[in-house]
Amino acid sequence: MKSLDLIRELSLAGAISGCEREIVNILDKYISHASEIRKDKMGSVNYIFTGKASRPRIMLIAHMDEIGFIVSKLEDSGFLRIHPVGGWNPDTLLSSMVEVINRRGERYPGVIGSVPVHFLKDKNENVKLEIKDMFVDIGARSLSDLEDNFAIRLGDQVLPLAHFFYQQKNETIISKAFDDRIGIAALVEIARWLADNEHPNEVHCFASVQEEVGTRGARTAALYSNADICIVLEGAPADDIPGIGDYSQTAVGKGVHLRLYDPALLVKRELRDFMIETAEKHKIRYQQAVRKYGRTDGGEIQTANYGTPAIVLGVPVRYAHSHQGIICLTDYQELLKFLQIILSELDMQAWEIIRG
């Protein structure tokens, strides 16, 4: 299994919040030899790998869901109204290609539309469109056509229709859903590494559901989690674009995103120091970040089990929460290397220092 093929398969899969089954099937296909597999009633999956010691217990968590839409209304004319699942900027949506997945798993391509400017009363008016003003056109001609021919129902998934591009010159990848399929890809590769290598701890590779609609899968994980440390694997927003200025903290192609703070997570100093010292000792390229907005599953896990030190390690993603994102394969490879080192060195002695 090549990393690029795995990332392609996961990226192009369809799984908005609450519809993660396709990702679970991919995980079950690639992850084997776990000591135990646990699945909760919401759909999250935990692959447990025992090592030379039962402590510390380390949770690696990545979320399976992506942002998208659900069908909210079937128009008599054959058009579909949609409701967002996760955070979208409406400015990115008009004329974008999507696909609607019905209950049979059939996929129908469509385009997001609205009333064209030449049909507006005041053509010079600066109209700020919202998602409720938009619709999806899949070529259906009537309500009965939608229901009988296309078998579409309320609540069906609507996903960005994306292609997968790999640019070898700079090892960049363009596709959808890197938040957080790139984290899931890392979870798969680390799980396979754990099956073949000794480690001085117990590792829980947890694939969560419904992160994009309020970290709901992580809440159930937190209820029964007995982890000592949590590492969140994320497709972290990159801000190395024009207009950001000197505030940019996370760039594509410059290594692992290491987040110290966001509104839901404040990283314990001892855990921060362990991560930075380990990265520098092994010459891992990393980028520290303090985020004023956004949250991850780590916010839920941090308060579990009388307190669980947590940190976010990620692959930088430009244009996250849009139809197409850009990542760098070398950043992903650096994350895998870093995780292997962490899991090889994070023993009980290191945990005692982190615990403080």
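Please treat every number below as a calculation from the coordinates, not as lab data. If you're wondering where the values come from, they're calculated on a predicted model, not measured in any experiment. Here the Cβ is made from the backbone with ideal geometry for all residues, glycine too, and neighbour counts use every protein chain on show.
Measuring from centroid to centroid over Cα atoms, what is the spacing of the range 287-348 and the range 194-266 in Å?
For the range 287-348 versus the range 194-266, the Cα centre distance is 3 Å.
Using only the alpha carbon atoms of the range 200-266, find the Kirkwood hydrodynamic radius as the inverse mean reciprocal pair distance, in angstroms to one decimal.
Averaging 1/r across every pair of different Cα atoms and inverting gives 14.7 Å.
For H163, H63, H83, which order do you get if you count the other beta carbons within 10 Å of each Cβ and list the fewest first?
Ranked by crowding around the Cβ, least crowded first: H163, H83, H63.
Tell me, what is the percent relative contact order of the range 1-66, built from C-alpha pairs under 8 Å that lie six or more residues apart?
This gives 32 percent for the range 1-66.
For the range 83-238, what does the convex hull of the Cα positions come to per residue, in cubic angstrom?
Looking at the range 83-238, the number lands at 207 Å³ per residue.
For S144 and V111, compute 0.36 nm times the residue count separating them, minus their Cα-Cα distance, and round to one decimal in nm.
So the extension gain works out to 9.9 nm.
In terms of Cα to Cα distance under 16 Å, which aspartates and glutamates are near enough to K132, apart from those fewer than 8 places away along the same chain?
The qualifying aspartates and glutamates are E75, D91.
State which entries of K2/K254; K39/K283; K52/K337; K29/K169; K128/K254; K52/K254 exceed 29 angstrom in Cα-Cα distance in the structure shown.
Checking Cα-Cα distances, K39/K283; K29/K169; K128/K254; K52/K254 exceed 29 Å.
Calculate I(q)/I(0) for the chain by the Debye formula, one identical point scatterer on each C-alpha and no solvent, and give its log10 at q = 0.15 Å⁻¹ to two decimals.
Each listed q maps to, in turn, -1.26.
Which one of S95, C19, H63 has its Cα pushed farthest toward the positive end of the charge dipole of the range 5-103, where Lys and Arg give +1 and Asp and Glu give -1 at the Cβ?
H63
Tell me the Kirkwood radius of the range 68-160: reciprocal of the mean inverse pair distance over distinct alpha-carbon atoms, in Å.
Evaluated on the range 68-160, it is 13.6 Å.
Pairs of alpha-carbon atoms within less than 8 angstrom and 6+ residues apart define the contacts here; what relative contact order does the chain have, in percent?
Value for the chain: 23 percent.
With charges only on Cβ, +1 for K and R and -1 for D and E, what is the dipole size of the chain about its Cα centre, in debye, rounded to 20?
240
Most exposed first by the Cβ proxy, i.e. fewest other Cβ within 10 Å, how do L74, L12, L329 rank?
So the residues, fewest neighbours to most, are L12, L329, L74.
Quick one: compute the contact order of the range 68-160, relative version, from alpha carbon pairs under 8 angstrom and 6+ residues apart, as a percent.
Averaging sequence separation for qualifying contacts and normalising by length gives 45 percent for the range 68-160.
Using only DSSP helix segments of four residues or longer, with each worth -39500 (n - 2.57), what per-residue ellipticity at 222 nm results for the chain after dividing by its residue count and rounding to 500?
Calculated at 222 nm, the ellipticity per residue is -8000 deg cm²/dmol.
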